[in-house]
Amino acid sequence: MRTWALGILTAAIGLGTVCGTAAAATAPGAPGNQADFAPANKDGFGTSAGTASKVWYTLSNGELTEVYYPDLGTPSVRDLQFIVSDGKTFAERETEAATHRVKLAAGRKSLSYTQVNTAKSGDWKLIKTYVTDRARNTVVMRVHFQSLTGKPLQLYALYDPSLSNDGMDDSGSSSGSTLLASDSKSASALRASPGFEKTSSGYLGTSDGWQDLRDDYRMDWTYESAPNGNVVQTGQTRLTGLRGSQDMTLALGFGATPGAATGAAKGSLASGFEKLSKSYTRGWRSYLDRLRREPSSAKAFGPLYDVSVMTLAAHEDKTFRGAYVASPTMPWAWGHGLDNPSGAYHLVWSRDLYQIATALLAAGDRAGAGRALSYLFDRQQKPDGSFPQNSTVDGAPHWTNTQLDEVADPILLAAQLGRTDASTYANHIKKAADYIVANGPQTPQERWENQSGWSPATIAAEVAGLVTAAHIARQNGDTASADKYDSTADLWQQNVDGWTATTNGPYSSQPYYLRLTKDGMPNQGTTYSLGDGGPSAIDQRAVVDPSYLELVRLGLKPPDDPTVLNTMSVVDQQLGVSTPNGEFWHRYNDDGYGETASGGPWDVTDPDTHTTHGRAWPIFAGERGEYELAAGKHASSQLAAIAGAANDGYMLPEQVWDNQPPSGQPGFEPGEGTFSATPLAWSHAQFIRLAWSIQAGRPVEQPRIVACRYSGCK
């Protein structure tokens, strides 16, 4: 009987309780609710300027969201937020119960941020400032908590780890006042100074601290462990919000083991926030001081230029140098299992990397641009010479299709960097050019991923790449290849209208370029399924795209070409959006890559449902601005439009709300960022490059040799 009774008692202690005071045991409710990632519209992004500290942080909605460790392809945190309670009548999360404001913490030359969260009730204010430790894998947060009523309050930290890009296999525990989380690959340690009074590890939605506190407004559960599930950890701080009890520092350390993570957190706390903050700021100022000074064209937009340059630099991985990801975010369904473990945006894409590298080159970071090109060449596919559609930061191909503009872009970048030596030509440039000749001009995928065919934008990149490769070939004595590249480029340039410009489409009686043709016959009513819930059978003549401007930007067509001008009128009418922040454009007719009509998240939907709607893209304002400069006009309005899309943290989005934003709800102003990937490296790159193009009076990216061959040297 004693053995039986002991077994029952042990089981009861092991399960704990879901009300009252929990025994210090294993949390119930495993594995917890399904893990996801935070929304993609970030208003802050930071990391140290050096390579020793391999952590990156993001901010959104008043809280710390994803933290990446040990590389920029591995989100390892879902979020860290705070709960405020009076212990008697309320407990509220800062993400829901407060208004949020974000600002740069150390001026325009440091990628550090302060969040100011003020309770809607007027009871409290929470001010948090973030940096990373340049010497350790630690995100450090300075917290200032104020009770605005003169009554003592209680502040709790609520931490949701999601280690190794998987939130369902973490194990949480307490070691003294340190909250530890780990999986088979890595670990985190959350410590406070002054230390936590109580700690608990539970499971999301069943035994986490929010379930505890909203019950009776006190922390009753102190579970010592929560193995193998969606762990959420709680720490009761020593702050009351009254004078003398308002300030603390949190250190969130990472490592391969709990011991390493704890060591990182302890070391950062021992260094102190002020010392770490000054070192962090010195690192970014030193980086900016090595670059060109901000162009006068960007001075009207406050810190946006400097923040954009630092943001691009922060998109580079610190182990796999040159691997700049598209965005440190998981938009919409990408954070809910569509790509599990999440990827897509924290992958490396040749096209996005080209955009980033050309902007870095314009800004004066030649070394960063050079690392990007080296990364691409090191991952070039053997033996055919193509490049992966995208890859993880270590270079492993992720999606397996081919986009021929992504094969041409490294050739253009090599020429801009002067990487035209015999070895580079023979081992990389020649292989890429030969692949284009053998497989173009039609492409298995164009720049928007989901369609094959004859694309004017892709053909522009192919032709520019071949003409550039021909010039490099001659420099290296390979006249036979040079002649082949030039003759192929000439043929494709002469035929691009015949393949992609319709003369009998529904939008004009004069020729205009299509997004693409499926068959190289633009006057045929060939239909295709558009994707993303759009039409299952749309006439190719009814789909246009601002991307045709690549023909001018890359030098294949003069700005006053009649088909270019007519297409501009068609695209402006079909896709242009006038907003208080300026003019933007959709990607193409019936684009479904965006939120629902009510603002809900994009997801995969069946054809003809039209459930989701792609909004307008700031990058098109930049490409239009580069066209205007090529035409001898001004582009200040296009630069201002991009700048107007920045949020309070100077982060630029992938998309902005158009002239049909979700109705009946506040906060969806046309020209302001949607819930799309923010920051998007391409958007920041386009802003930087357009600013320098305005300064130069011409598109700085345009290959002169291509323009001289086809559209006239200037």
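Some points to look at:
- Rounded, prolate or oblate (a/c below 1.5 giving rounded, otherwise prolate when a/b exceeds b/c) for the chain by Cα gyration tensor: prolate
- Degrees between helix 350-363 axis and first principal axis of the chain (Cα, 0 to 90, nearest 10): 90 degrees
- Of every Cα-Cα pair in segment 32-84, the percent that sits beyond 14 Å: 55 percent
- Based on C-alpha pairs under 8 angstrom that are at least 6 apart in sequence, segment 276-418 has a relative contact order of 21 percent.
- Cross-link partners for residue 198 among the lysines, with Cα-Cα distance under 19 Å and sequence neighbours closer than 8 places in the same chain left out: 88, 266.
- Semi-axes of the equivalent ellipsoid for segment 196-332, Cα gyration tensor, largest first, Å: 38, 20, 18
- Under 5 Å between amide hydrogens, built in the peptide plane, is the criterion, and for residue 198 it picks out 236 among residues at least 5 positions away or on other chains.
- Residue-wise HN-Hα coupling along segment 573-586, computed from phi with Karplus coefficients 6.51, -1.76, 1.60 (Hz; x: Gly, Pro): 6, 7, 10, x, 9, 8, 10, x, 8, x, 8, 10, 9, 6
- Partners of residue 185 within straight-line reach, counting aspartates and glutamates whose Cα lies under 18 Å from its Cα and excluding those fewer than 8 residues away in the same chain: 66, 71, 160, 166, 169, 170, 394.
- Note on segment 320-335 and segment 124-156: Cα centroid distance 28 Å, given to the nearest whole angstrom.
- Residues whose amide H falls under 5 Å from that of residue 242, counting only those 5 or more places apart or on a different chain, are 147, 153, with hydrogens built in the peptide plane.
- Filter on 42/128; 275/299; 103/299; 430/518; 299/557 - keep pairs with C-alpha separation over 26 Å: 275/299; 430/518; 299/557
- Computed 3J(HN,Hα) for segment 133-138, one whole-Hz value per residue from the Karplus formula 6.51 cos²θ - 1.76 cosθ + 1.60 where θ = phi - 60°, is 6, 5, 9, 9, 8, 9, glycine and proline marked x.
- Gain upon complete extension [residue 698, residue 292; 0.36 nm per residue less C-alpha separation]: 144.4 nm
- Karplus (6.51, -1.76, 1.60) ³J(HN,Hα), θ = phi - 60°, over segment 397-405, in Hz, Gly and Pro reported as x: x, 9, 8, 10, 7, 10, 10, 5, 5
- In segment 555-714, Cα pairs under 8 Å separated by at least six residues give a relative contact order of 26 percent.
- Packing order of peptides 51-63, 514-526, highest average first: 51-63, 514-526 (average count of other Cβ atoms within 10 Å over each peptide's residues).
- Percent RCO, i.e. relative contact order, over the chain, from Cα pairs under 8 Å lying at least 6 residues apart: 12 percent
- For residue 77, the residues 5 or more places off, or on other chains, whose built amide H falls under 5 Å of its own are 67, 162.
- The angle separating the long axis of helix 479-500 from the principal Cα axis of greatest extent in the chain is about 80 degrees.
- The portion of the accessible surface of the chain made up by carbon and sulfur, rounded to a whole percent, is 50 (1.4 Å probe; DNA, RNA and ligands excluded).
- Annotation: aspartates and glutamates with alpha-carbon distance below 19 angstrom to residue 431 (same-chain offsets under eight excluded): 378, 384, 405, 406, 409, 421, 462, 478, 483, 486.
- Highest to lowest packing among 39-49, 287-297, 147-157, scored as the average C-beta count within 10 Å: 39-49, 147-157, 287-297
- Two-decimal ratio, segment 218-262, of alpha-carbon radius of gyration to 2.2 N^0.38 Å: 1.53
The values are calculated or read from the model by the stated rules, or taken from the named source; none is laboratory data. Since we're looking at a predicted model, the values are computed, not measured. No Cβ is skipped: glycine too gets one built from the backbone with ideal geometry, and neighbour counts run over all protein chains shown. Quick note on the areas: whole protein, heavy atoms, side chains included, nothing else; ligands and nucleic acids left out. Shrake-Rupley method; radii C 1.70, N 1.55, O 1.52, S 1.80 Å.
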